[in-house]
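Since every read-out is calculated from the coordinates, none of them should be taken as a lab result. As the structure is a prediction and not an experimental result, all values here were calculated from the model. Reconstructed Cβ throughout: ideal geometry from the backbone, glycine too, with neighbour counts over all protein chains shown.
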Amino acid sequence: MFSFELLANDKAARVGRLHTPHGAITTPSFVAVGTQGAVKAVSAQDLHKIGTQVIIANAYHLHLQPGEDLIEKTGGLHRFMGWEGPLMIDSGGFQIFSLGAAKEHGVGKIASIFPGEHDRGGHLSPKKGKPLVRVDDDGVEFISYLDGSRHRFTPERVVEIEQKLGADIMLPLDECTSPLHDYRYTRRAMERTHRWATCALEKFRCTSGRNQALFGIVQGGAYRDLREESAAFMGKLDFGGYAVGGSLGSSKEEMCRVLEWTIPLLPHHKPRHLLGIGEIEDIFQVVKRGIDLFDCVLPTRMAGTGTLFVKEAKRFRVHILNAQFTDDPRPIDEGCRCYTCCNYSRAYLRHLFMAKELLAVRLAAIHNLRFLESLVRQIRTAIRERSLSALTREWM
């Protein structure tokens, strides 16, 4: 049975409990990204010990490899990946966007999602190129990046794929726009997303029981009238929850404004998910405005390059390959109780990265994921105690 209850609030920020057939999620919660049925470098057992509550996988990638039919035959994605907790499935709207508009505009998930700012993630912006996707009013046709084969997604087809995968929470097909798209195109994409949402919801109602939920996705770019129109439209449809997706503007300030326009128009008693946000400072900002769930590849992507979350560091991160850590006996973060910090030094972790040992990335990923889990636990406690502003000042 799928349901959501509100437990506490501090102004717009709130603590809730999202019940799914595979367990409850206490919100606000960070959603670990397991795009292809695995969170980079860590096992399901690692995630359980870290305290991860929910994983989001991706229908686009799993459709291409190994295929939803194979996963269904093995008992569904939970069993396939050895994960017993709640599971979300994204339609792949962003991945399709990355094959189309993102290639045209040179916009990426981390590097230049806010093109008005400098690259704050330490990643290069993607190169511009020829799009590999064609969008029409009925769906999307795209070329597989694996073998060049052609595939077509419609809103109904995506629901079928996600049901075969066995998700607890499903996201419908939507058209994600670039920060560089103009008003006219952003409106067309929003209206297309609305039509697709209606089709997906009808398909879902005909084929799903009460053990799954379908979330509607609000689009509209950084245009206030479009965001408000999309939130009002989606809010009138009986989705199990709502996600805020697409372009969030050209800066973090615009992202906050988008949420301020959008959230008041969504049903108060249903969960809200923000797609693709995971910076420490952003987490405080989005929770403050009423977001319940948020996902991002940042903690594991950073781990792959030896970049680690540290509370007292500039921008909350250090790069362990720097020479200053060669003989540093301290844990990564002295206040962290993760497996890595309890057992290994900065010097040892730097040695592993320098030696290109695979263990390096696993230990780094465990730390980064546990760091975020610890942070959201502190945030939940602060909301219950109505002291979120004080906790924000402590961190910021």
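Based on Cα contacts under 8 Å between residues 6+ apart, region 304-391 shows a relative contact order of 26 percent. Charged side chains reduced to their Cβ positions (Lys and Arg at +1, Asp and Glu at -1) give region 28-295 a dipole of some 140 debye around its Cα centre. Remark: spin-label model distance K11-T198 equals 3.8 nm, labels positioned 7 Å along the Cα→Cβ axis. Mind checking the angle between helix 183-207 and the chain's longest principal axis? C-alpha axes, 0 to 90 degrees, to the nearest 10. The angle comes out at about 80 degrees. Each label point was placed 7 Å from the Cα along the Cα-to-Cβ direction; for E84 and R184 their separation is 5.7 nm. Using a cutoff of 8 angstrom between alpha carbon atoms and counting only pairs six or more residues apart, the relative contact order for the chain works out to 18 percent.
To check you understand DSSP bridge types, tell me what percent of the beta bridges within the chain (both residues inside) are antiparallel, rounded to 5. Write down the numbers at each step before the final one.
On the way: 23 of 46 bridges.
Beta bridges within the chain, antiparallel portion: roughly 50 percent.
Axis angle, to the nearest 10 degrees, between helix 224-236 and the longest C-alpha principal axis of the chain: 70 degrees.
So, R0 is 41 Å and r is the distance between the beta-carbons of D147 and A232; what FRET efficiency does that work out to, to 0.05?
Values: r = 42 Å, r/R0 = 1.03.
That gives a FRET efficiency of 0.45.
Counting neighbouring beta carbons within 10 Å and listing from fewest to most, the residues Y183, Y60, Y348 come out as Y183, Y348, Y60.
Of K11/K236; K40/K236; K40/K164; K203/K270; K73/K288; K49/K270, which ones are farther than 31 Å apart at the Cα? Numbers along the way, then the final one.
Values: K11/K236 24 Å; K40/K236 37 Å; K40/K164 23 Å; K203/K270 21 Å; K73/K288 42 Å; K49/K270 28 Å.
Violating the 31 Å Cα-Cα cut-off are K40/K236; K73/K288.
In the chain, the longest principal axis of the Cα atoms and the axis of helix 359-384 are about 70 degrees apart. In this label model, L132 and D69 are separated by 2.3 nm, measuring between points 7 Å along each Cα→Cβ vector.
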